[in-house]
Amino acid sequence: MSLRESAPMTEETARLLNPLQLAYIGDTVWDLLVRTRLLYRGRNLRHMHQEAVAHVNAAAQAAALRRLEGVTTEQENDILRRGRNAHARHPVPKNQDPGDYSAATALEALIGYLYVTGQEERLLQLFDISQQEE
């Protein structure tokens, strides 16, 4: 049983996806992981929302990606590079740093890639590392 509608994609098929498609699903998976972690920590709803907003934004995701430096594989680094270089058809939101926004897209692409290829164990391992305090 899985959250995916069908069997995981092959790595080859997933690599053919546009990195923004991977980031699209990766953004949601990231949000789910953050919110689930907050729920299990027993926070009240107001605190959960405040902490989720603090963790699900470009600056926080860029910081999370920095914590993964040296931990990702060559293949994962390729997905990160493609995500970082992807250009959305909309401008960077006014309150976001363009570098952070690019790094956040890279992280979301990697999360999306790991999710669609069924690499949940690796996804959770990287998520845990990304959440460690600096």
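Sort the chain into rounded, prolate or oblate with this rule: let a ≥ b ≥ c be the square roots of the eigenvalues of the Cα gyration tensor; rounded if a/c is under 1.5, and if a/c is not under 1.5, prolate when a/b is larger than b/c, oblate otherwise. Each step should come with its number before you reach the end.
Details: a/c = 1.56, a/b = 1.17, b/c = 1.33.
Oblate, because a/c is 1.5 or more while a/b does not exceed b/c.
What number comes out for the charge environment of Ile111, summing +1 per Lys or Arg and -1 per Asp or Glu over other residues with Cβ under 12 Å away?
-4
Using the crude model of +1 on Lys and Arg Cβ and -1 on Asp and Glu Cβ, and no other charge, please compute the dipole size for the stretch 11-122 relative to its Cα centre, in debye to 20. Display every interim value, and only then the final one.
Details: 14 positive and 14 negative charges, 97 e Å.
It works out to roughly 460 debye.
Could you please report the charge total around Leu80, scoring K, R as +1 and D, E as -1 over all other residues with beta-carbon less than 14 angstrom from its beta-carbon?
So the environment of Leu80 carries a net charge of +2.
Percent of accessible area on the stretch 1-111 owned by carbon and sulfur, 1.4 Å probe?
That share works out to 55 percent.
May I ask for the net charge around Leu33, where only other residues with Cβ less than 12 Å from the Cβ of Leu33 are counted and Lys, Arg are +1 while Asp, Glu are -1?
-3
The values are calculated or read from the model by the stated rules, or taken from the named source; none is laboratory data. It should be emphasised that the depicted structure is a prediction, and the values quoted were computed from it without experimental measurement. We place every Cβ from the backbone using ideal geometry, glycine too, and count neighbours over all the protein chains shown. Heads up: the accessible areas ignore ligands, DNA and RNA and are worked out on the full protein's heavy atoms, side chains in. Shrake-Rupley method; radii C 1.70, N 1.55, O 1.52, S 1.80 Å.
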